[in-house]
Structures are given as C-alpha cells and as structure tokens.
1. Would you confirm whether any residue within region 183-203 is of a type outside the set (G, A, S), buried (at least 24 other Cβ atoms within 10 Å of the Cβ), in contact (Cβ under 8 Å) with a residue 60 or more places away in the chain and over 26 Å from N266 (Cα atoms)?
2. Of the residues G339, G327, G304, G290, which is in contact with a helix residue (DSSP H, G or I) (Cβ under 9 Å, 6 or more places away or on another chain) and either surrounded by 24 or more Cβ atoms within 10 Å (Cβ to Cβ) or aromatic (F, W, Y) (or both)?
3. The conditions are (1) within 30 Å of E382 (Cα to Cα); (2) assigned to a helix (DSSP H, G or I), and I292 fails exactly one of them. Which is it?
4. Are any residues in region 341-369 hydrophobic (A, V, I, L, M, F, W, C) and closer than 18 Å to K59 by Cα, and if so, which ones?
5. If L366 satisfies every condition in (1) within 21 Å of K147 (Cβ to Cβ); (2) surrounded by 24 or more Cβ atoms within 10 Å (Cβ to Cβ) but one, which is the exception?
6. Given the conditions (1) assigned to a helix (DSSP H, G or I); (2) among the small types (G, A, S); (3) out of contact with any strand residue (DSSP E or B) (no Cβ under 7 Å at 6 or more places or on another chain), report the number of the one that A302 does not fulfil.
7. With the requirement that a residue be among the charged types (D, E, K, R) and over 14 Å from H324 (Cβ atoms), what does region 349-383 give you?
8. Which members of region 163-181 meet the condition of being touching a Gly at 6+ places or on another chain (Cβ under 6 Å) and under 19 Å from K232 (Cα atoms)?
Amino acid sequence: MNYTYLILAFAGFGLLSTSLSAQNDYLTNKSESVKNFTRIEQTYPVAIVTEPNTTNKPKNVIFLIGDGMGVSQVFSGIVANGGNLHLKNFRNIGFSETQSASDFVTDSGAGGTALSTGERTYNGAIGVNADTVAIQNIREKAELRGKATGVISTSSITHATPASFVAHQPNREWLETIAADFLKTNIDVFIGGGSKNFTHRRDKKDLTVDLKQKGYQVAYGIEEIAKINSGKLAGFTSDYHNKSKLEGRGNELPIATSTAINILNNDPDGFFLMVEGSQIDWGGHNNNTGIIVTEMLDFDQAIGVALAFAEKNKETLVIVTADHETGGFSIENGNFTTGSVMGNFTSDDHSGVMVPVFAFGPGADLFRGFLKNTDIPKIISELSGY
C-alpha cells in the first residue's frame, strides 16, 4: 500500500481544524538550538518504593508514555536531579523497537496506535490499521470489562498519542473529528489541552454541551480540575497545547495524574489510565536540552505519583515507555552537583532507535528484555484479562 498517497488522499476529507497550524507551532517555530542546560530549580526528593511480592493479576493499570523519551532523555533527568529519579525504583526493564508499518522511523500516530492496540500501522494513523479499519485499543477493552478509564496529556487531548487511546481516524490532523470521537466512548476522565477543538469548531457545535449531557463535569484549569474527586471529568488545561515547563506550566501533570487516580479508584472493578508526558518530544524537535530536561523531570514526578499509589494499592501495574525517541539526543558532558547537562543532537525529528520500557507491580517481569512496541499492550491485555 502507498501510505503517503493514503494520507494525502484522506487530507481532503473530514473536518480539518482551523487551528491546526497553531497546534503544530512546536514543529515549525523552532528557536535556535540550545544544547546546554543547568538546573534552575531545587532537586526534588525521590522516595524508595517497595514492589509488591504477588502473583496476582493486576486490578489497575497505569500506562505512562514519555513522548520522544530515549535513554539519553532519561539520563539527562537523572543528572539534572542530582543523580536520582523515581524511574530508578524500577527493577524490571526492557527495550522496545518502535518501527511503524510504513516507515523505519515512526510518528506519534502510528507509535501511539501500536502501544494502544498491539498492531502496527502507517504514520499518521489514529487507532486504525494499514487498511484504515478501526482497531480496538486497550482502554476500550478495559471499558468493556467494566473498568473505569482515563487519558491525560500535556499536549492537546486530541493530539496523536492520547487520541490513539480514544479515537479511530485515518489522519491524525483531523483534530475536530477526533474530539467528536470522545463522545462515542464512556471514558471516565480525560485531562489535557485542546478545549477549542471541542468548542470552536467548523461545524459550529459545542461538544462540551454534549459532554455535560452525558454526565461529565467540564472543568477548566488545573485548580478547578484538582477539586473534583468523583464522577466523570472532562478537564481542559488550555485552548490548544499547554505551556512548557520552562514557560511556567507548573505541576499540572503530577496533579492531573493524582486527580485521575483518585477518581478512577472509586470503581470497585479497577481502572486503566494512560498518562502522556508530551513535550519531551518537543524539546527534541527544537534541539533544546532545557526543554528535554525540564519535561523529563515533570514526567518523572507523575511517575512518582503512580508508584506511590501502586506501592500502597498492591494491585496496580505501572508501565513506563515511549512511542519513539526524538532528536537523536546525546549527552556529551554533565555535572550531578550543578545539574548541568551538555547535550547534542543528530536530527530535529524522530529517530529509529529502541526506547526503554520500565515495569512495576503484578506481572512486571514480563516486560523485561527486547520487545516490539506492539508487545506491550498485548502483555497488558493478557495480564489484565481484557
């Protein structure tokens, strides 16, 4: 199949968001490459957590995806935080091959779809196979099993990775159509940017009205979102994408993760939650070490929230991986005391290298070794009985 032709052909159909260019600014408005970074905030403490010794199946799954996160991105965070991250609690570690069906180097649409469905597809696809047929994803499988489900992102919630756990569209750029797909599900919680894909649309519809009719509490801003502890939640943190950490986003991702866990954990049947640290990828695209480091640290603090819950709960599987690496990022020098990282880049796009996989909790040992991206959701499904 000619995948390039397929994507171009579909571009003429459906509802393309008028705000698409604004949502791709992180790709087109590149600043000058910034290779060096020095810690600008105090290091944060990292608790040592104990993995439960159990042969039980996981009741809950928290799946965290660091978009664009390779091993150098992980180590940049370790250096910047004085030698430690919450990620260092993991003892079950593997590697994932990230290739898509159409390209050696995947995009986030195909990468997210592989991680959500267990099937590789063409670059640009969202939740469909190489023939554009919808594929059931693991969040939907969990939903059908009666579990509560949620999706969180530091990008627009209609962006490629979170969309891959909700929508089924042949083109990742159909943002307004992807937004409408949220109403076709019974997802309990979603938190991210992109409110205008629901409210300022070419079809003049305000999908937040429909969300409220379906029982969702529609909240704006992390302070309002964090006050909600039960029920269904559609939480919007920005009109399009969120600010970066360097621009002052604050602790939105760890707070959103904690809020979602608190809500979803009300379900006696358990839950599935996907959390994306989106903007590690954007640092790679911009060849900006500072963005990579600060977004990596932010993502790690969300991982810390998940691990603290999993240690106490003892029935929760935590998986951390990436859809791909971005930037061909390397570390040429650094200093644990000052938190300085001297980085370099081979590209301003994705690369084809393997990315790390970390697992904690019931069944975590199955994620060791060399895997394909498609293996990860299959193992989750098998362990969880989806």
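The values are calculated or read from the model by the stated rules, or taken from the named source; none is laboratory data. None of the values given here were measured: they were computed from a predicted structure. In this analysis, Cβ positions are derived from the backbone assuming ideal geometry, glycine residues included, and neighbour counts consider all displayed protein chains.
1. Checked against the condition, which is being of a type outside the set (G, A, S), buried (at least 24 other Cβ atoms within 10 Å of the Cβ), in contact (Cβ under 8 Å) with a residue 60 or more places away in the chain and over 26 Å from N266 (Cα atoms), region 183-203 yields at least one hit.
2. Numbers: G339 fails: either surrounded by 24 or more Cβ atoms within 10 Å (Cβ to Cβ) or aromatic (F, W, Y) (or both); G304 fails: either surrounded by 24 or more Cβ atoms within 10 Å (Cβ to Cβ) or aromatic (F, W, Y) (or both); G290 fails: either surrounded by 24 or more Cβ atoms within 10 Å (Cβ to Cβ) or aromatic (F, W, Y) (or both).
Only one candidate qualifies: G327.
3. Against the list (1) within 30 Å of E382 (Cα to Cα); (2) assigned to a helix (DSSP H, G or I), I292 comes up short only on (1).
4. Listed by number, the residues that qualify are A359, F360, A364, L366, F367.
5. With (1) within 21 Å of K147 (Cβ to Cβ); (2) surrounded by 24 or more Cβ atoms within 10 Å (Cβ to Cβ) applied to L366, the lone miss is (2).
6. Only one criterion in (1) assigned to a helix (DSSP H, G or I); (2) among the small types (G, A, S); (3) out of contact with any strand residue (DSSP E or B) (no Cβ under 7 Å at 6 or more places or on another chain) is unmet by A302, namely (3).
7. Restricting attention to region 349-383, the residues satisfying the condition of being among the charged types (D, E, K, R) are 349, 365, 368, 372, 375, 378, 382.
The answer is D365, R368, D375, K378, E382.
8. Once the filter is applied, which keeps residues that are touching a Gly at 6+ places or on another chain (Cβ under 6 Å) and under 19 Å from K232 (Cα atoms), region 163-181 yields only A167.
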